[in-house]
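The values are calculated or read from the model by the stated rules, or taken from the named source; none is laboratory data. Values in this document were obtained by computation on a predicted structure and should not be read as measured data. In this analysis, Cβ positions are derived from the backbone assuming ideal geometry, glycine residues included, and neighbour counts consider all displayed protein chains. Each accessible area value is taken on the protein alone, full model and side chains, heavy atoms only, with ligands, DNA and RNA left out. Shrake-Rupley method; radii C 1.70, N 1.55, O 1.52, S 1.80 Å.
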Amino acid sequence: MSGMPGPGRAVLPETVEVVRSSRVVLPGGERPAAVHVTDGRITAVTAPADVPADAAVTDVGDLVLMPGVVDTHVHVNEPGRTEWEGFATATRAAAAGGVTTIIDMPLNAIPPTTSLEALTVKRAAAAGQIAVDVGFWGGIIGADARRLHDLAELHDAGVFGFKAFLAPSGVEEFPHVSMDVLAAASRHTARMGALTVVHAESPAVLASAPAAAGRAFSSWLRSRPPAAEKAAVASLAALAASTEARLHVLHLAAAEALDDVLAALEAGLPLTVETCPHYLTFVAEEVPDGATIFKCAPPIRERPNLDRLWDGLAAGLFAGVVTDHSPATPALKSVETGDFGTAWGGIASIQLGLPAVWTQARRRGHSLVDVARWMCSGPADLVGLGTPGPGGDGGDGGDGALAGSKGRIAVGADADLVVFDPEASFVVDPQLLRHRHPLTPYAGRTLEGAVLATYLRGHRADGDRPVRGRLLAR
Ligand SMILES: [Zn+2]
């Protein structure tokens, strides 16, 4: 075991033309193949020997070649709270962890992405310093005429959908909305064909729970009961039925809400759900008191819940597994006091999501094809990046070419590729993370699977490299 991944990183080339592996993760399964890259796109996927005589072949042997991870749930916080996390640090951490596309949440930066002006500010803040591709969510904080106009402008400007909170968000400039306001906004987003993504905890259920205080993790857990998630998911299913808006439940932690998700899917409702690596890794019984780096909302729950989340994944109930990377400063995480009542809720993990999920997945008999479905093609499909389209390229468009798609090793897709050693293991040393702050609940844990190289459109994106990320528009 080494401090961080890993062997071979230095010898993989800066740019790839043909990559050959005995283990290429393709949508239909894993097999030996050669992946051909021209101008940043995958132009062919052939038998390993079927390569032009003059091609520069990068043979990675038995290392896995898989698609870049698409993380649709990331809080970058720049501008306004750049001391929490910024575009340079978040995207370098992403690239180091095999993530080639992130979609930035509309809150925690100032201004929040609730107007075209704010989106313009955030795009300007990101431009020129991103190591991976970056798209944006817009935010729903009301449904009066002015707000609906903002949503339409944001939609036209290429946001990937809109986020709303049903319970307080934690920052005053991004107020939560009632179900009535969400319904009004959703009728609007439905007409636009836009996705609406929701922090789904019922404020009424939360209000009836005891407030969190002190160093005991159990206090935090009791303050955010599973019933709050279950009630909110049931309300969203009803809303999906009445408005036909495409609704997506963010960071589901409570497995008991999966009954409602299953019922919605069986009814053909346009409702999807995601979960996060930390809900699939940690259990409440093992969180030490005072360990506020584990605080997030909804909370990490008990072991039986974790097993049921894995059952839900296996059953295909989740559209994706995304990190909800949401860092803050050590002071805001109440690292000194360990007080769960005052600590910022949010877990920093973007560099570790892929090995964290693989570590658990392999023990439960899942393959990297499954992991790629949960972390690459699933999230890409959720936001419309899974198939080539006219949008998706804020960088060097102008030639009329279709933008590449994300999340799959397939002809026409962007050559966003990860060389992954599934047999490597490492102990997480937070000082080696590229996040702005060395704070993560994964510190000291042994994770399996090492990202040896990350390619964005055929060029290395990890390490201290030129920044080749592009701003994405839907
Ligand atoms: Zn979040």
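Amide H to amide H, with H built 1.01 Å from N, ALA131 comes under 5 Å of THR91, ARG92, GLY469, counting only residues 5 or more places away or on other chains. The phi torsions of segment 420-434, fed into the Karplus equation with coefficients 6.51, -1.76 and 1.60 and a -60° offset, translate into couplings of 10, 9, x, 9, 6, 9, 7, 9, 6, 9, x, 5, 9, 6, 8 Hz, rounded to whole numbers, with Gly and Pro shown as x.
For VAL99, the residues 5 or more places off, or on other chains, whose built amide H falls under 5 Å of its own are VAL69. In the chain, inverting the average of 1/r over every pair of distinct C-alpha atoms gives 22.1 Å as the Kirkwood radius.
Would you mind calculating the relative contact order of the chain from Cα pairs under 8 angstrom and at least 6 residues apart, reporting the percent as a whole number? Relative contact order of the chain: 23 percent. Computed with a 1.4 Å probe on the full set of protein chains, the accessible area for GLU423 sits at about 120 Å².
On a per residue basis, the chain carries 35 Å² of accessible surface, using protein heavy atoms and a 1.4 Å probe. Hey, what number do you get for the chain at 222 nm if only DSSP H runs of n ≥ 4 count, each worth -39500 (n - 2.57), divided across all residues, to the nearest 500? Rounded to the nearest 500, it is -7500 deg cm²/dmol. In a reduced charge model with +1 at each Lys and Arg Cβ and -1 at each Asp and Glu Cβ, segment 67-382 shows a dipole moment near 260 debye about its Cα centre. Packing here is the average count of other Cβ atoms within 10 Å per residue, and on that basis the peptides 23-34, 249-260, 43-54, highest first, run 249-260, 23-34, 43-54. Proximity of backbone amide H atoms, modeled 1.01 Å from N, is registered between ILE347 and SER326 at under 5 Å, excluding neighbours fewer than 5 places apart on the same chain. Given Cα pairs under 8 Å that are at least 6 residues apart, what percent is the relative contact order of segment 279-432? Averaging sequence separation for qualifying contacts and normalising by length gives 18 percent for segment 279-432. If you wrap the Cα atoms of segment 50-150 in a convex hull and average its projected area over all directions, you get 9.3 nm². Since only SER349, SER242, PHE162 are under comparison, the one whose Cα sits farthest along the positive direction of the charge dipole of segment 67-382, derived from C-beta charges on Lys, Arg, Asp and Glu, is SER349. With the alpha-carbon atoms of segment 120-247 aligned to their principal axes, the span from lowest to highest coordinate is 43, 40, 24 Å, starting with the largest. Reported value for segment 133-172: 85 Å³ per residue, from the convex hull of its C-alpha atoms.
For segment 315-474, what class follows from the C-alpha gyration tensor (a ≥ b ≥ c being the square roots of its eigenvalues): rounded when a/c is under 1.5, otherwise prolate if a/b is larger than b/c, else oblate? In terms of gyration-tensor shape, prolate. The string of couplings for segment 48-60 from the Karplus curve (6.51, -1.76, 1.60, θ = phi - 60°) is x, 7, 8, 10, x, 4, 9, 6, 7, 9, 9, 9, 9 Hz, one whole number per residue in order, with x for Gly and Pro.
For segment 99-183, the spherically averaged projection of the C-alpha convex hull amounts to 5.8 nm².
Cα centroids of segment 176-238 and segment 323-382: 20 Å apart. The value of relative contact order for segment 204-356, using C-alpha pairs under 8 Å at least six residues apart, is 27 percent. Rolling a 1.4 Å probe over the protein heavy atoms of the chain, with every protein chain left in place, gives an accessible area that is 54 percent carbon and sulfur.
Mind listing the phi-derived Karplus ³J(HN,Hα) values for segment 339-348, rounded to whole Hz, using 6.51, -1.76 and 1.60 with θ = phi - 60°, and x for any glycine or proline? Result, rounded to whole Hz: 8, 5, x, 9, 5, 5, x, x, 10, 9.
Taking a ≥ b ≥ c as the square roots of the eigenvalues of the Cα gyration tensor of segment 249-379, is the shape rounded (a/c under 1.5), prolate (a/b larger than b/c) or oblate? Since a/c reaches 1.5 and a/b is larger than b/c, the shape of segment 249-379 is classed as prolate.
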